[in-house]
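The values are calculated or read from the model by the stated rules, or taken from the named source; none is laboratory data. Because the structure is predicted, anything quoted here is derived from the model rather than measured. When we count neighbours, we look across all protein chains shown, and the Cβ atoms used for this are built from the backbone with ideal geometry, even at glycine. Please note that ligands, DNA and RNA were not included when accessible areas were found on the heavy atoms of the full protein model with its side chains. Shrake-Rupley method; radii C 1.70, N 1.55, O 1.52, S 1.80 Å.
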Amino acid sequence: QVNSWWNSLTEGQRTVTGIIAANVFVFCLWRLPGMRRIMFTYFTSNPSSRALCSPMLLSTFSHFSLFHMAANMYVLWSFSSSIVSLLGCEQFIAVYLSAGVISTFVSYVAKMATGRFEPSLGA
């Protein structure tokens, strides 16, 4: 039954299923008290942190609330078929990850300019 469901999906929907699964997994990790320190170190962006590069990518998979994550994943799912058919699977994933890293970099620049160094998450 899972196989028939998977085969009924478009290439775009199959592509974003992995991204959605990664976002849900990271969301669940945030709910584990024992993971909080690791999550704050690697899954939030903060220009004053000792880890600067990996959080630029990993924080794009973090969401503050279930509603925020669900809304983002719904939008991602809704346009996945069109954008993947336009760009292709690999290019779509590259654009998705690049957008996350670039937006985190812009967040670093804004934090440095304003002197506000609190951690943030999300793209």
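Would you check which residues across region 54-74 are among the small types (Gly, Ala, Ser), out of contact with any helix residue (DSSP H, G or I) (no Cβ under 8 Å at 6 or more places or on another chain) and surrounded by 12 or more Cβ atoms within 10 Å (Cβ to Cβ) and list them? Lay out the reasoning, then the answer.
Within region 54-74, the first condition is being among the small types (Gly, Ala, Ser), and the residues that meet it are 54, 59, 62, 65, 70-71.
Next cut, out of contact with any helix residue (DSSP H, G or I) (no Cβ under 8 Å at 6 or more places or on another chain) only: 65, 70-71.
Within region 54-74, ALA70, ALA71 meet the criteria.
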Residue match in region 100-114 (condition: closer than 21 Å to ALA21 by Cα, assigned to a helix (DSSP H, G or I) and modelled with pLDDT of 90 or more): yes
Surrounded by fewer than 12 Cβ atoms within 10 Å (Cβ to Cβ), over 16 Å from the mean Cα position of the chain (by Cα), assigned to a helix (DSSP H, G or I) and not hydrophobic (A, V, I, L, M, F, W, C): does that describe GLY12? no
Where TRP77 falls short, out of the listed (1) open to solvent by 60 Å² or more (accessible area, probe 1.4 Å); (2) free of Cβ contacts under 8 Å to residues at least 24 places away in the same chain: (2)
Within region 26-37, does at least one residue satisfy the condition of being of a type in the set (Val, Ile, Thr), assigned to a helix (DSSP H, G or I), under 14 Å from SER120 (Cα atoms) and within 11 Å of the chain's Cα centre (by Cα)? no
With respect to GLU90, is the statement that it is more than 22 Å from TRP30 (Cα to Cα) and either open to solvent by 60 Å² or more (accessible area, probe 1.4 Å) or at pLDDT below 90 (or both) true? yes
If only one of TRP6, TRP30 is at pLDDT 90 or above, surrounded by 15 or more Cβ atoms within 10 Å (Cβ to Cβ) and either within 25 Å of SER78 (Cβ to Cβ) or small (Gly, Ala, Ser) (or both), which one is it? TRP30
Specify the residue that is nearest to GLU11 (Cα to Cα); the eligible residues are those in region 93-114 that are open to solvent by 70 Å² or more (accessible area, probe 1.4 Å) and among the aliphatic types (A, V, I, L, M). VAL95
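Which one is most open to solvent (accessible area, probe 1.4 Å), of the residues in region 35-53 that are without any contact (Cβ under 8 Å) to a residue 60 or more places away in the chain and either in contact with a strand residue (DSSP E or B) (Cβ under 8 Å, 6 or more places away or on another chain) or closer than 23 Å to HIS68 by Cα (or both)?
Looking only at region 35-53, we keep the residues that are without any contact (Cβ under 8 Å) to a residue 60 or more places away in the chain, and these are 35-39, 41-42, 50-53.
Subsequent filtering for residues that are either in contact with a strand residue (DSSP E or B) (Cβ under 8 Å, 6 or more places away or on another chain) or closer than 23 Å to HIS68 by Cα (or both) retains 35-39, 41-42.
Details: MET35: 51, ARG36: 106, ARG37: 188, ILE38: 82, MET39: 1, THR41: 24, TYR42: 82 Å².
Only one residue tops the list, namely ARG37.
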